[in-house]
Amino acid sequence: MSTNKIALPKVGTLEDWHEARQALLVKEKELTHAQDALAAERRRLPMVPVEDHFTFTGPEGEVSLVDLFHGRRQLIVYCAMLEPGAAPCPGCSMVMDNIGHNISHVNARDTTFVFTSPAPQDEIIALQKRMGWDTPWYTDHGRRFADAFDVGKRFAVNVFIRDDNNRVYRTYFTTDRGAELFDTNFRLLDLTPYGRQETWEDSPEGWPQSPPFEWWRLHDEYDT
């Protein structure tokens, strides 16, 4: 993006920069400690038994909720916005782009990550092939699973754990900006002077901004 005729940060001395950076670092460390404390509280949430039986379709055929664990103890399910015959959601596609080989590191800690959505497998597989995704992605028929776990027609994240008898329990739920934890692209932009360049951000006068969602694309569509 050209910066011609676009406002820039004010110029300061190296001493000015070090002083301001040190003040910001104190706040960044406070935020890190607060996030650690929040994660500790999240780990102490009670779990709720999953009483209903849910089935999905994957490349291997029909599977149950327990099957989605792939033998591991914990399961993270991202319910993506992909309806039968519909165009993929750019926001959910950003999440899929960012998962990548993170799956291997998550699996190493006895945890499985999968996507679900109402779209049939042929549409899911075609999109995965186009975009280069290989994270497990299952069809939630009629969004029965999504409706049961507070998702509906939006996107959301649910977390589950199973016991030694394959009883499944729900432990966590988040949606909206709570799911931004997957979006490395936003984390990178947040480090820059212009940020995400979206209209909701608190930025200095003259900073380039546009409405959120409008600039989002699938990663192979930015040059079209």
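Coordinate-derived values only; no laboratory data. All values reported here derive from a predicted model rather than from experimental measurement. Ideal geometry is used to build each Cβ from the backbone, glycine not excepted, and the neighbour counts take in all protein chains shown.
Summary value for the chain: 23 percent relative contact order, contacts being C-alpha pairs under 8 angstrom separated by 6+ residues.
Relative to the longest principal axis of the Cα atoms of the chain, helix 90-99 runs at roughly 80 degrees. Sites listed here are chymotrypsin sites (Phe, Trp or Tyr not before Pro) in segment 186-224 whose DSSP assignment is loop and whose Cβ has at most 11 other Cβ atoms within 10 Å: TRP200, PHE213, TYR222. Using the Cβ-Cβ distance between ASP110 and ALA86 with R0 set to 22 Å, the FRET efficiency from 1/(1 + (r/R0)^6) comes to roughly 0.05. Against the main long axis of the alpha-carbon atoms of the chain, helix 121-131 sits at an angle near 30°. The H on the amide N of PHE113, modeled in the peptide plane, is under 5 Å from the matching H of ILE76, each at least 5 residues off or on a different chain. Full extension of the chain between ARG154 and ASP67 yields a length gain of 28.9 nm, computed as 0.36 nm times the residue separation minus the alpha carbon distance. With a cut-off of 11 Å between beta carbons, the residues surrounding THR175 carry a summed charge of -1, where Lys and Arg count +1 and Asp and Glu -1. With N counted as the residues of segment 1-153, its alpha-carbon radius of gyration over 2.2 N^0.38 Å works out to 1.43.
Can you tell which of ALA34, HIS101, ILE125 lies farthest toward the positive end of the dipole of the chain, using +1 and -1 charges on the Cβ of basic and acidic side chains (Lys, Arg; Asp, Glu)? Towards the positive end, the residue furthest out is ALA34. Looking at segment 141-224, the GluC sites (Glu not before Pro) that sit in a DSSP loop and have at most 14 other Cβ atoms within 10 Å of their own Cβ are GLU201, GLU205, GLU214, GLU221.
Other residues within the sphere of radius under 12 Å centred on the Cβ of ASP147, judged by their own Cβ, net out at +1 (K and R +1, D and E -1).
Pop out the Kirkwood hydrodynamic radius of segment 40-80 from its pairwise C-alpha distances, inverse of mean 1/r, in Å to one decimal.
12.3
For the chain, the list of Cys residues with no other Cys C-beta under 4.7 Å reads CYS79.
Here r is the Cβ-Cβ distance between LYS10 and ASP202 and R0 is 25 Å; the resulting FRET efficiency, rounded to 0.05, is 0.90. Panel note: the C-alpha atoms of segment 84-161, placed on their principal axes, show extents of 34, 30, 20 Å (largest first). Counting Lys and Arg as +1 and Asp and Glu as -1 over every other residue whose Cβ lies under 9 Å from the Cβ of THR111, the net charge comes to +2. Take every pair of alpha-carbon atoms less than 8 Å apart whose residues are at least six positions apart; their mean separation over the length of segment 140-224 yields a relative contact order of 14 percent. Dipole magnitude for the chain: computed about the Cα centre from +1 point charges on Lys and Arg Cβ and -1 point charges on Asp and Glu Cβ, it is near 380 debye. Measuring between their Cα centroids, segment 100-174 and segment 17-60 lie 18 Å from each other.
With an 8 Å cut-off on Cα pairs and a minimum separation of 6 or more residues, tell me the relative contact order of segment 1-121 in percent. RCO, segment 1-121: 23 percent.
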